[in-house]
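Laboratory data are not the source of any read-out in this text; all were calculated from the coordinates shown. Note that this is a predicted model, so its numbers are computed, not measured. Glycine also receives a Cβ, built like all others from the backbone with ideal geometry; neighbour counts cover every protein chain displayed.
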Amino acid sequence: MRTPRSCNPDPEPLLGHPVPAQMLEIPFGKRTFTVLLDYQARTQLSVTVHPDSTITAFAPVECNLEKVRERLCRRAAWIARQIDYFHQFQPLATEPRYLSGETHVFLGRQYRLNVQLCQTSGVSLKGAFFEINLPDHGNVTEVKRLLQAWRTDHSKKLFRKRLQILFRPFIQRGAIPPLLSIRHMQKRWGSCSPARRITLNTDLLKAPLPCIDYVIVHELCHLLHSNHDRKFFRLLQQIMPDWEKRKHRLERVRIKN
């Protein structure tokens, strides 16, 4: 699952000849959208608008380029709405400096760093603060390492626990338990491979718990339906009726590049 987006559940097969990956320019009034077009083993065209305004599209391996271009032109108004939607939010945050007083987000809440001189290194969450203890008070690199290690450890524990709980309704539908990987990703909150490996982004720990659950359920649905077709969204609606509300909330969370 990519970071905030709207999916294209339109099941219109495209047939033709294979074309190498390329950049396409799609006109829309006085605007022109540049779309990175790539190819996959699929039967439908999928279009994604990312929060940084980049646009990617995946078409069937064998497809008609002009048909793809036509479909993208028909989606231009939707693309424009998605880009305008993302522009309403604040610009991406600057690189953190890992200094006392700086704000960091955990499970949708903001906490300030409180770096303290101490013989033993460690991180703890106390009240509205991340307490960072280390022998060298001015070692910013060590502050960053400690905080990232804390996040990685907590994301592993939390994601595994939520995955175990959220998988329960999928058992009766014949799904096989997936493998779980956790790592930082540039543009995706999560993904599910054909080998049943679900990968979750460590930055997902910034999101509120309902949003984390949405990403996990989204990827679990891919165990039964690999594409974003009507069957996929029907299952998602059955398992999590308020998924759209959670998705819109997730769109306010930023992935750090």
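Side notes on the structure shown:
- For the chain, built as a Gaussian network whose Cα springs stay under 10 Å, the top-fluctuating residue of 95, 219, 142: 95
- Value of relative contact order over the chain, rounded to a whole percent, pairs C-alpha under 8 Å and six or more apart: 17
- Simple label model, 7 Å out from Cα along Cβ direction - residue 125 to residue 65, nm: 5.1
- 3J(HN,Hα) along segment 51-61: x, 8, 6, 6, 10, 10, 9, 10, 10, x, 4 Hz, from the Karplus curve 6.51 cos²θ - 1.76 cosθ + 1.60 with θ = phi - 60°, whole Hz, x for Gly and Pro.
- Along segment 142-147 the Karplus relation, 6.51 cos²θ - 1.76 cosθ + 1.60 evaluated at θ = phi - 60°, assigns HN-Hα couplings of 6, 4, 4, 4, 5, 5 Hz to successive residues, with x for each Gly and Pro.
- Difference of contour (0.36 nm per residue) and Cα-Cα distance, residue 54 to residue 197: 48.8 nm
- Cα-centre dipole for the chain with unit charges at Cβ (Lys and Arg positive, Asp and Glu negative), debye to 20: 620
- Note on the chain: antiparallel DSSP beta bridges, both residues inside, total approximately 60 percent of the bridges counted.
- Projecting label points 7 angstrom from Cα along Cα→Cβ for residue 137 and residue 171 puts them 5.3 nm apart.
- Residues of segment 148-177 falling in the label zone of residue 224, defined by backbone nitrogen less than 12 Å from a point 7 Å along Cα to beta-carbon, are 167-176.
- Extension gain (nm, one decimal) between residue 156 and residue 73, 0.36 nm per residue minus Cα-Cα: 25.7 nm
- Where the Cα pairs of segment 22-87 fall when distances are cut into 10 Å bins, in %: 21, 57, 20, 2
- Cα long-axis angle, helix 65-74 against the chain (0 to 90 degrees, to the nearest 10): 70
- Principal axes of the chain: Cα extent on each, largest first, Å: 67, 50, 31
- Oblate is the label for segment 179-257. Its Cα gyration tensor axes, ordered a ≥ b ≥ c, give a/c of at least 1.5 and b/c at or above a/b.
- Principal semi-axes of the equivalent ellipsoid, √(5λ) from the alpha carbon gyration tensor of segment 103-250, are 35, 15, 12 Å from largest down.
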